[in-house]
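What follows is a single structure, written as structure tokens, with notes after it.
The values are calculated or read from the model by the stated rules, or taken from the named source; none is laboratory data. Quantities reported herein were computed from a predicted structural model and do not represent experimental measurements. Here the Cβ is made from the backbone with ideal geometry for all residues, glycine too, and neighbour counts use every protein chain on show.
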């Protein structure tokens, strides 16, 4: 069981897309009521901000977590991604995956603070995660803990791809969520068009891709994976011992 801090409160983060909604015949009294509720909520948020952020499980506020992770560098939830190479077909049948043996597309992008990140650097494990995905919220901290425990073979890289970002209730933005998972390997932030995820044929979350030293796909899988399976997939792509 991981002891990663869990964040209780979303922080406002620039870069989210806002979807407008039409009132389309909604009664005036209803609009007035909604405005009143918004005013009350805004007041509550202002009071909460004045009294400080809520604490995480380890006693740190959301602001402290962001400061620890990025210092005073500005963050963004989306980054431009350049894809080089043929896109992999969407994973439909894990038992008969046509992507096995194909060259993995090269991704050139950046992390949350716009530092350059490229992947895969084979042999490599790539983990695609979405901040709102409940399975990812449990699986990514677990995988991070396994890597901390020494599961990653010498010579194999691991990259987390933050993708499918969307604003909604019950989820911290990716730049706040990822530090809470304890992931300390490189992070590549996908574009708002999910170009990285599309290039790898993602069909669910979390999504794993294992690439050998020649840059070819050896395994793909979606959903939570047990440690034994991750360990086996990693051993399949690990360089031979010298």
Residue 198 vs. criteria surrounded by 15 or more Cβ atoms within 10 Å (Cβ to Cβ), assigned to a loop (DSSP other than H, G, I, E, B) and touching a residue at least 60 places away in the same chain (Cβ under 8 Å): no
Exclusive hit being under 14 Å from residue 205 (Cα atoms), surrounded by 22 or more Cβ atoms within 10 Å (Cβ to Cβ) and at pLDDT 95 or above, set 138, 119, 130, 104: 130
Check on residue 180, assigned to a helix (DSSP H, G or I), modelled with pLDDT of 95 or more and either closer than 15 Å to residue 66 by Cα or under 10 Å from the mean Cα position of the chain (by Cα) (or both): no
Residue 191 being surrounded by fewer than 22 Cβ atoms within 10 Å (Cβ to Cβ), closer than 19 Å to residue 82 by Cβ and under 14 Å from the mean Cα position of the chain (by Cα): yes
Checking residue 165 against (1) surrounded by fewer than 21 Cβ atoms within 10 Å (Cβ to Cβ); (2) modelled with pLDDT of 95 or more; (3) not in a strand (DSSP E or B), the condition it does not meet: (1)
Those residues of region 78-101 which are within 22 Å of the chain's Cα centre (by Cα), in a loop (DSSP other than H, G, I, E, B) and buried (at least 17 other Cβ atoms within 10 Å of the Cβ), in sequence order: 78, 79, 81, 88, 91
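Scan region 142-154 and tell me whether some residue there is free of Cβ contacts under 8 Å to residues at least 40 places away in the same chain and either on the phi > 0 side of the Ramachandran plot or in a strand (DSSP E or B) (or both).
yes
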Among (1) farther than 26 Å from residue 70 by Cβ; (2) surrounded by fewer than 22 Cβ atoms within 10 Å (Cβ to Cβ); (3) touching a strand residue (DSSP E or B) at 6+ places or on another chain (Cβ under 9 Å) - the single one residue 217 does not satisfy: (2)
